[in-house]
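Trainee: A single structure is presented below for examination.
The numbers here are math on the coordinates, done by the rules we state, and not lab data. The structure presented is a predicted model; accordingly, all values stated were derived computationally and were not measured. Positions of Cβ are backbone-derived with ideal geometry, glycine not excepted, and every protein chain shown enters the neighbour counts.
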Amino acid sequence: MSTAHPAGAVPPETPWTLTPRNPMRVVLLSTLLFEVLLFALAIPVMILVSDAPPLAASLYGSGAAVLALAAAGLLRKPVGYPLGWLAQPAGILLGFLTPAMFVVGAMFAALWIVSFVLGKRLDGRAAPTAA
């Protein structure tokens, strides 16, 4: 027997998503939205402070910002979480253009990981009561 889910519904048993009512989804969404701002503001830092080539700084910085924005916009769908996971190393990799992004990107990645792990714990606590 097939267990079909309505369009856009995320099955709670997937390891890379959180349940729709999990409060940590708001934290993950906020993290991604702050990353959009961070990646966009890192572009002038890469150009003016680190002397990165303007084209490379613009392409990589805006690419990372668009990835984080897409992840934030699609967080209600199953594809949003993998995009959010991809946005984390993208932010860290910006450190090759300006070294400060190694540290700042790692801090945001740590925030993403801790929020996701705590969200999974909340899902685990809610699962036995839902059965």
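Trainee: Take each uninterrupted DSSP H stretch in the chain, measure its Cα extent along the helix axis, and return the ones at 15 Å or beyond whose mean Kyte-Doolittle hydropathy is at least 1.6.
Mentor: Span-like helices, by this rule, are 24-48.
Trainee: Based on the mean of other Cβ atoms within 10 Å per residue, sort peptides 100-113, 61-74 so the most packed one is first. Numbers along the way, then the final one.
Mentor: Working: 100-113: 16.9, 61-74: 20.4.
Averaged packing, sorted descending, gives the order 61-74, 100-113.
Trainee: Give me the extension gain from S50 to V66: residue separation times 0.36 nm, minus the current Cα-Cα distance, reported in nm with one decimal.
Mentor: On the way: separation 16, 0.36 × 16 = 5.76 nm, distance 2.21 nm.
Net length gain for the segment: 3.6 nm.
Trainee: Ok, one more. Consider just the alpha-carbon atoms of region 24-123 and return their Rg together with their Dmax, both in angstrom.
Mentor: 13.4, 45
Trainee: What FRET efficiency comes out for the pair F96/L37, r = Cβ-Cβ distance, R0 = 22 Å, nearest 0.05?
Mentor: 0.60
Trainee: Between A110 and K77, 0.36 nm times their residue separation minus their Cα-Cα distance comes to what?
Mentor: Full extension from A110 to K77 adds 9.6 nm.
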